[in-house]
Amino acid sequence: MQNVLKAVLIDDENPALLQLERLIHADGRLEISGKFTRIGSGLEHVAENQADVVFLDIEMPGMNGLEAGEKLMAMIPDLQIVFVTAYNHYAIEAFELNALDYLLKPVDPARFAKTVSRIESQLKNTQEQAGVQVPVESMVICFKRLLLGDNVAAGSLLKWRTQKAQELFAFLLHQQDRWVTKDVILETLWPQLKLDKATTQLHTSVYQVRKMLKQWGVKALIEFAHDSYRLLRIGFTTDVDLFTHGSQIGPVTTEQEWQRLEQTLNLYQGDYLEEHDYFWAKPMREELLRRYIHCSIAAAAYESQIGRERQALQRLLSLKMKEPYSDEICQSIMKVYHAQGNQAAVASEYQSFVSLIGNDLETKPEAETIRLYSELMNIG
């Protein structure tokens, strides 16, 4: 489901605010997160809360709308601004400020609908450009499947000659610049072959990886010394690098922190090297999944705290499908149901969890899960 865009309305005339409010409700693609008759109050709201677009009256007492627009764009460069004015000559100044659009009072409904479509289009372009924040250097995708290219987001992908060459690259990448002895590589990638055949396979695969790196155009190298190999990571980063950095968080307390966390979570498109099922990747796969669960729960806790319980619940139920035996996820879901005042759902969630882990794992919930359930249901 597409997220509804957040709009802030600033106009010193209540009739103008009411007309915009009616147009937004009739259109259905925007949600009003605040409306203000004073510019200062509107600026404070935008600074502290998520906003995708601001509808801003130009002719206001004190600081006019054009000055306010400059302040808004300084605070949030990607914020979309639509000026509302009774005078056509303000349009030139508005677009010099790089405003998205302007509307003439009284606002025509058909013209307003075109403006909303323009807002959607502009935000989509901004998101596609930002995406998962692919840096200037090349990117290696490790979540779900291994992909590399000059620009993975644009689909310019390189294909491996053999699956073993791909696995060798993935294995050396996994080591994060550490040296790995030839014996360890042979035992890991070719355990079923005799030494001479395994060594030949290794040399062939090293050649293919080096050829791929050259074709890729990055400065990364496979180095060999003291009967050991390593991949020297130069000229590229990975989605795992970005995710690991972004997942180092504490409690989420502001909308800006939530937005950064959401960008981090969007990097996680599947488990680490999931489609390749390399046995040696399993510990890292489990660690990254643990981080993903922790960050998802942190995001849901913030959403529930500020009244977005439905969003939090949707996130947690999706997480539950991925990790159904998690006490921590069960606890978080019960808390959200309790915040909604849905005690029947709290009880149902707990009993379903007890039954699931009892039947599948022959175990009981953790003590903290039992204690939380009793507390939420006011038992004992």
field: Ranked order, TRP160, TRP190 - accessible area, probe 1.4 Å, largest first
entry: TRP160, TRP190
task: Please give the per residue accessible area of the chain, computed with a probe of 1.4 Å over protein heavy atoms only, in Å².
output: 54
statement: Per its Cα gyration tensor (rounded if a/c is under 1.5, else prolate when a/b beats b/c, else oblate), region 235-380 is best filed as oblate
- line: The long-range amide H neighbours of LEU103, using H built 1.01 Å from N in the peptide plane and a cut-off of under 5 Å, are PHE83, VAL84, THR85
- request: Return the subset of LYS6/LYS71; LYS159/LYS214; LYS6/LYS322; LYS71/LYS124; LYS159/LYS282 for which the Cα-Cα distance in this structure is over 21 Å, preserving the input order.
  value: LYS6/LYS322; LYS71/LYS124; LYS159/LYS282
task: For region 196-298, give the percent of accessible area contributed by carbon and sulfur heavy atoms, probe 1.4 Å, rounded to a whole number.
output: 52
Gyration tensor (alpha-carbon) shape descriptor, the chain, a/c threshold 1.5: oblate
- request: Round to the nearest 10 and report in Å² the accessible area of SER117, as given by a 1.4 Å probe over the protein chains' heavy atoms.
  value: 60
³J(HN,Hα) computed for each position of region 336-352 - Karplus, 6.51 cos²θ - 1.76 cosθ + 1.60, integer Hz, glycine/proline x: 5, 4, 5, 4, 7, x, 9, 5, 4, 5, 4, 5, 5, 4, 5, 5, 5
task: Using Cα positions and a limit of under 18 Å, work out the lysines in reach of LYS197, with same-chain residues fewer than 8 apart set aside.
output: LYS164, LYS182
- prompt: When all protein chains stay in place, what accessible area (Å², nearest 10, 1.4 Å probe) is found for ARG111?
  reply: 80
- prompt: To the nearest 0.05, how large is the calculated FRET efficiency for SER355 and ARG118 if R₀ is 41 Å and r is the Cβ-Cβ distance?
  reply: 0.20
Computed [θ] at 222 nm, deg cm²/dmol, the chain (DSSP H ≥ 4; -39,500 (n - 2.57); rounded to nearest 500): -17500 deg cm²/dmol
query: Fully extended, how many nm does the chain gain between ILE379 and ALA339 (0.36 nm per residue separation, minus their Cα-Cα distance)?
result: 12.7 nm
- line: Toy charge model, Lys and Arg Cβ at +1, Asp and Glu Cβ at -1: region 183-277 dipole around Cα centroid in debye, rounded to 20, equals 680
- prompt: So for region 191-347, taking the charge dipole from beta-carbon charges (+1 Lys/Arg, -1 Asp/Glu), which of CYS330, LEU288, LEU242 sits furthest toward the positive end?
  reply: LEU242
- request: Compare the peptides 225-232, 356-363 by average per-residue count of other Cβ atoms within 10 angstrom and give them in order, highest first.
  value: 225-232, 356-363
message: Using the crude model of +1 on Lys and Arg Cβ and -1 on Asp and Glu Cβ, and no other charge, please compute the dipole size for the chain relative to its Cα centre, in debye to 20.
response: 1480
message: Restricting to Cα pairs below 8 Å that are 6+ residues apart, what does the relative contact order work out to for the chain? Please round to a whole percent.
response: 10
task: Find how much the distance from ARG22 to LEU147 grows on full extension, using 0.36 nm per residue of separation minus their present alpha carbon separation; answer in nm with one decimal.
output: 40.2 nm
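The values are calculated or read from the model by the stated rules, or taken from the named source; none is laboratory data. Here the structure is a predicted model, which means the values were calculated and not measured. In this analysis, Cβ positions are derived from the backbone assuming ideal geometry, glycine residues included, and neighbour counts consider all displayed protein chains. Heads up: the accessible areas ignore ligands, DNA and RNA and are worked out on the full protein's heavy atoms, side chains in. Shrake-Rupley method; radii C 1.70, N 1.55, O 1.52, S 1.80 Å.
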